[in-house]
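Read through the structure below, which is laid out as structure tokens, and then see the notes.
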2 protein chains.
Amino acid sequence: MPKAKPFGLSVKALILDGAGRVLLLKRSRESHFYCGQWDLPGGKVDKGEDFATALLREIREETGLRAKLTGLAGVAYDKLPKVRVIILAMTAQRSVGRVRISDEHEEFAWVPQKDLPRWDLSPQVKYILLGFVRKKK
Amino acid sequence: MPKAKPFGLSVKALILDGAGRVLLLKRSRESHFYCGQWDLPGGKVDKGEDFATALLREIREETGLRAKLTGLAGVAYDKLPKVRVIILAMTAQRSVGRVRISDEHEEFAWVPQKDLPRWDLSPQVKYILLGFVRKKK
């Protein structure tokens with residue numbers, strides 16, 4: 001029997017602006033996974049790193065924003081070739097700065113929550129966002 | 001305005017036996033929170049510790065069992081006096097050993113999933129377990 005893949009933790013941020021819109025980032029066409037689909041800012045928790053610190057770091061790297069984490073948005077699960085990933089999503093408020101995306105993404109958009117079902121979201125982000133919108137109703 | 005409380009990460013295990021029953025632990029009457037209510041094994045992720053390592057350690061400390069994590073069970077949120085806690089619950093399979101509880105608990109029980117709604121569970125564990133059972137239907 002093959003050895004089970006290890007578990008890793010990733011974090012993602014559902015950053016809301018004053019109008020309740022969500023910041024989405026379009027994954028680069030060179031991404032290994034979900035290329036061209038829309039994603040939330042976030043990434044892997046590094047070894048020894050606290051999940052909240054990791055998420056604020058990823059937000060800064062991928063959006064240029066400083067943000068404040070405000071609560072739990074949801075959780076999802078993904079199987080990648082070498083790792084089973086738990087994706088923990090937190091709500092966040094944008095505090096300072098303008099959006100400046102990195103090379104990992106091609107575009108950004110502030111999307112009203114009611115429009116989210118129509119966007120081409122990566123599967124785990126879709127699961128998290130639609131669950132979040134449903135729970136708020 | 002008071003400073004927002006920091007976020008912490010806790011992990012809990014939904015350990016299943018061969019018959020699909022879940023291992024519950026009864027919290028000690030001296031517990032600071034949820035005393036006397038039924039809980040899942042688990043606890044805080046220590047600084048610098050990986051969440052999966054932390055959970056296997058807590059399982060050993062609180063139940064004497066060696067277990068294998070198998071997937072995601074759910075997530076919940078709790079506000080304690082000094083910290084906002086994200087509770088990440090994973091499914092696990094008991095592999096070796098007999099249950100030996102620690103001083104933190106008074107009793108243990110293997111509970112069929114259909115009986116869980118009748119047990120006096122701590123609020124976040126109730127949210128996680130009933131969500132898990134509902135999703136499997």
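The values are calculated or read from the model by the stated rules, or taken from the named source; none is laboratory data. Predicted, not measured: the structure shown is a model, and the values here were computed from it. FYI the Cβ positions are ideal-geometry reconstructions off the backbone, even for glycines, and counts take in every protein chain you see.
Considering region A:53-68 alone, what residues qualify as being in contact (Cβ under 8 Å) with a residue 24 or more places away in the chain and either under 18 Å from residue B:4 (Cβ atoms) or of a type in the set (A, V, I, L, M) (or both)?
First, the residues of region A:53-68 that are in contact (Cβ under 8 Å) with a residue 24 or more places away in the chain: A:54-55, A:58-59, A:61-68.
Selection gives A:54, A:55, A:59, A:65, A:66, A:67, A:68.
Restricting to strands (runs of 3 or more DSSP E) lying wholly in region A:1-95: which have 3 or more residues that are among the aliphatic types (A, V, I, L, M) and within 13 Å of the chain's Cα centre (by Cα)?
A:7-16, A:22-27, A:66-79
Could you tell me which of the residues A:102, A:122, A:95 is among the polar types (S, T, N, Q) and out of contact with any strand residue (DSSP E or B) (no Cβ under 8 Å at 6 or more places or on another chain)?
Among A:102, A:122, A:95, only A:102 is among the polar types (S, T, N, Q) and out of contact with any strand residue (DSSP E or B) (no Cβ under 8 Å at 6 or more places or on another chain).
Regarding residue A:51, is this residue of a type in the set (A, V, I, L, M, F, W, C), closer than 30 Å to residue B:93 by Cα and at pLDDT 95 or above?
Yes: the conditions hold for residue A:51.
Would you confirm whether any residue within region A:11-27 is of a type in the set (Lys, Arg), in contact (Cβ under 8 Å) with a residue 60 or more places away in the chain, more than 14 Å from chain B (Cβ to nearest Cβ) and touching a Pro at 6+ places or on another chain (Cβ under 7 Å)?
So in region A:11-27, the residues of a type in the set (Lys, Arg) come out as A:12, A:21, A:26-27.
Next, from what is left, pick out any that are in contact (Cβ under 8 Å) with a residue 60 or more places away in the chain: A:12, A:21, A:26-27.
Adding the requirement that they be more than 14 Å from chain B (Cβ to nearest Cβ) leaves A:21, A:26-27.
Narrowing the set further to residues that are touching a Pro at 6+ places or on another chain (Cβ under 7 Å) leaves A:21.
Scanning region A:11-27 turns up at least one residue that is of a type in the set (Lys, Arg), in contact (Cβ under 8 Å) with a residue 60 or more places away in the chain, more than 14 Å from chain B (Cβ to nearest Cβ) and touching a Pro at 6+ places or on another chain (Cβ under 7 Å).
Please work out which residue is nearest to residue A:8 (Cα to Cα), limiting yourself to region B:72-92 and to residues that are surrounded by fewer than 16 Cβ atoms within 10 Å (Cβ to Cβ) and touching a strand residue (DSSP E or B) at 6+ places or on another chain (Cβ under 8 Å).
B:77
Residue by residue through region A:13-57, note down the ones that are closer than 20 Å to residue A:123 by Cα and among the acidic types (Asp, Glu).
A:30, A:39
Kindly check whether there is at least one residue in region B:39-58 that is crowded, with 21+ Cβ neighbours inside 10 Å, under 19 Å from residue B:111 (Cα atoms) and either out of contact with any helix residue (DSSP H, G or I) (no Cβ under 7 Å at 6 or more places or on another chain) or of a type in the set (Phe, Trp, Tyr) (or both).
No; the residues of region B:39-58 include none that is crowded, with 21+ Cβ neighbours inside 10 Å, under 19 Å from residue B:111 (Cα atoms) and either out of contact with any helix residue (DSSP H, G or I) (no Cβ under 7 Å at 6 or more places or on another chain) or of a type in the set (Phe, Trp, Tyr) (or both).
I'd like to verify a number: residues in region A:106-137 that are buried (at least 18 other Cβ atoms within 10 Å of the Cβ) and either within 12 Å of the chain's Cα centre (by Cα) or free of Cβ contacts under 8 Å to residues at least 12 places away in the same chain (or both), how many?
Number satisfying all stated conditions: 7.
Go through (1) touching a Lys or Arg at 6+ places or on another chain (Cβ under 7 Å); (2) β-branched (Val, Ile, Thr); (3) under 30 Å from residue A:128 (Cβ atoms) for residue B:91 and report which single condition fails.
Evaluating residue B:91 over (1) touching a Lys or Arg at 6+ places or on another chain (Cβ under 7 Å); (2) β-branched (Val, Ile, Thr); (3) under 30 Å from residue A:128 (Cβ atoms) leaves (1) as the failure.
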